[in-house]
Amino acid sequence: MITTRWTSVSARRVGPYEVIRYVILIVITLLILGPLVWTLLSSFKTEAELASRPPQPFPQQLNLDNYTGAMERFPFATYLKNSVIVTVGATLLTVVINTMCAYGLAKYNFRGRNFLFLLVLATIMIPLQVILIPVYQMMARFDLVDTYLGLIIPPAATPTGVFLLRQYMLGLPDELIEAARVDGASEFGIFARIIVPLCGAPIAVVTIFSVVWRWNDFLWPLVISQSSEMYTLPVALAQFNSELIVPFNYILAMSVVSMLPVIIIFLFLQRKIVTGIAATGLK
Amino acid sequence: MSADTVSARARPRARPLITGKMIAPYLFILPNMLIFGLFTIYPAFSMFRISWYDSKDGRRFRPVGMENYVEIFSSAEFFSVAFNTVLFTVAFVLLTVVGSTALAVMLNDKFRGRGFFRAVIFLPTLLSAVVVGLLWGWILERTNGLLNVALDAIGLGQPGWLTDGNLTRWVIVAVGLWIHSGFYALIMLSGLQGIDPSVYEAAQIDGAGRWRTFTQITWPLLRPTALVVIILSMISGFQAFDFIWTLTGGGPVGATTLMVQFIYQKAFESPVRYGLASAGAVVLFIVVFAFTVLSFLNGRRQEAA
């Protein structure tokens, strides 16, 4: 009786569609979060607990042995360090060169400008997967195989970043730049002191994208890192998982480590990421 | 060119010929364009060239003409890989379009928990695909995996998710959807939000139901966005590699080996076949390019009609 009155009083009609929608969305949520939560819980379990039947959802205690063990008994600290160096280095490079390139394409009139912009857009169609071999040869020619620079440079010139920043800069008034020129500011000074401070929002989006991409990158680091000292975290996890040398409880702990930074970024910057994608329709 | 230079020299110098404003744009775009040129544009061309050569070590190259292409198109392995790739991509694109549209429609109007559900479906896109593949491989393991332990407990047996090729082909589609549908749903959602709410008023007055409103009004207006989703998901389908690598390794018995893995293994695992791998990459590039242009043209034609 009471429940029926509740629904009739509520402003919104709750029909069968609304109920089905909740059911579907809750099932999808469980399908997505279930494996992730299970992984997190399992990363605290001992090898014996992991093998126990039936599987226990919760670890007996919150022990961090898998995390410390992986770092101490295997060079996961090195892989983590490599991932951080590559992610930070590539993101800094990406943001600097993408912003400069976008400014050049957005605010100057010069011969070939449109052609160069179209060329940048066209490279979205040529992903690394397809040109893997010649890019690798290029790196070999520069002696950059198995180096940090080799890991960092080729993926840094993201066409998506140039596109996103250029579109934003087109909306900035030209008068600002002209006024600064009249005041005798140098071309680079105008860029650094006037344009960059106004581009906080798109630069933030490019930064977030770049961090996520480079942190998760796999195929390129797999190809370019020949010695295991240069492995990034995803490469190390993939290699060790197939070789069965590293106990799986360590792999689980390191999987959590690889997912954690991205999840934290997501929790704090979810809105920026979502609007960024909605604005460009690009990943 | 030389005539230009001569006339420029002949002109009296009222102002300096080259000002900062003239060189500045080139300096601004130089670093980015240099990397593009060296690591994207030049390699895109040299990929075609390498496909006419054979090399066992990446240093000495022997010109072989069309041989790599002849070899590729007469090898059973290539056809099996091509079949796997097309099957995966078709299933992935179709289910992505249906799934992301359904998700976007469900997540468009206001209701309690909408923000939470939007965040959750988008989360997998940000995770490392390698790690996701690894974790699903662990959950789907034949005897000790969480899923089969659960299925076994309720008497449903232990399906060979990763050992029965016909099943594994669908497992990689499912995991691909798990990773990517949230991203495509978000694109569809931005398309839905671009639709003027007033167009729905007429349908409401006519008393059209949800399904009719969707087929008659929403879907036709959503088509351009769906085209973006089709093209993007197709490109990502043809290039699927990382999560499959850790989930199945391409197995069982090559049932889930797709094009990029084929190219990677021919180029970087012994016996090294650079030329053959490049021929494969050229074929992949042409197929992706052709499909993209075709769906684009098809989308334009439908819009015009």
Cleavage-rule hits (chymotrypsin sites (Phe, Trp or Tyr not before Pro)) in the range A:35-139: DSSP loop, at most 16 neighbouring Cβ within 10 angstrom: A:Phe110
Between B:Asn144 and A:Ala201, what is the spin-label point distance in nm, taking each point 7 Å from the Cα along the Cα→C-beta axis? 5.2
Excluding same-chain residues fewer than 8 positions from A:Lys107, which aspartates and glutamates have a Cα within less than 13 Å of its Cα? A:Asp174, A:Glu175, A:Glu178, A:Glu187
The range A:66-280, dipole about Cα centre (Lys/Arg Cβ +1, Asp/Glu Cβ -1), debye to the nearest 20: 320
Under the Karplus curve 6.51 cos²θ - 1.76 cosθ + 1.60, θ = phi - 60°, whole-Hz ³J(HN,Hα) for the range B:189-195, x wherever Gly or Pro sits: 4, 5, x, 4, 6, x, 7
Just how large is the dipole of the range B:76-304 about the Cα centre, in debye to the nearest 20, putting +1 at every Lys and Arg Cβ and -1 at every Asp and Glu Cβ? 300
Can you give me the Cα centroid spacing of the range B:213-244 and the range B:133-180 in angstrom? 26
Counting Lys and Arg as +1 and Asp and Glu as -1, each charge on the Cβ, what is the dipole of the protein assembly as shown about the Cα centre in debye, to the nearest 20? 1500
Residues whose modelled amide H sits under 5 Å from the amide H of B:Asp54, counting only those 5 or more places away in sequence or on another chain, are B:Arg62, B:Val64
Using alpha carbon coordinates only, what is the Rg to Rh ratio of chain A, with Rh defined as the Kirkwood radius? 1.08
17 Å cut-off, amide nitrogen to a point 7 angstrom out along B:Asp109 Cα→Cβ, residues in the range B:188-212: B:189, B:192-212
With the Cα gyration tensor of the range A:108-182 in hand, convert its eigenvalues to equivalent ellipsoid semi-axes via √(5λ) and list them largest first in whole Å. 33, 15, 11
In Å and from the alpha-carbon atoms only, list the Rg and Dmax of the protein assembly as shown. 26.5, 98
Between the alpha carbon centres of the range A:104-161 and the range A:17-69 the gap in Å comes to 40
Apply 1/(1 + (r/R0)^6) to the Cβ-Cβ distance of B:Asn298 and B:Ile23, taking R0 = 56 Å, and write down the FRET efficiency to the nearest 0.05. 0.80
Using r as the Cβ-Cβ distance of B:Ser198 and B:Arg223, and R0 as 22 Å, what FRET efficiency do you calculate, to the nearest 0.05? 0.70
Estimated vicinal HN-Hα couplings, Hz - the range B:265-278 in sequence order (Karplus 6.51, -1.76, 1.60; Gly, Pro = x): 5, 5, 8, 10, 10, 6, x, 5, 10, 3, x, 4, 4, 5
Taking 0.36 nm per residue of sequence separation and subtracting the Cα-Cα distance, how much length would be gained by fully extending the chain between A:Ala122 and A:Leu260, in nm to one decimal? 46.3 nm
Taking only DSSP H segments of four or more residues, each worth -39500 (n - 2.57), what value at 222 nm results for chain A once the sum is divided by all its residues, to the nearest 500 deg cm²/dmol? -23000 deg cm²/dmol
Computed over the Cα atoms of the range B:76-304, what is the convex hull's projected area averaged over all directions, in nm²? 15.8
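Here, each number is a calculation from the coordinates, and none is a lab measurement. In this text the structure is predicted, and so the values were computed from the model without any measurement. Cβ atoms come from the backbone with ideal geometry, glycine included; neighbour counts cover every protein chain shown.
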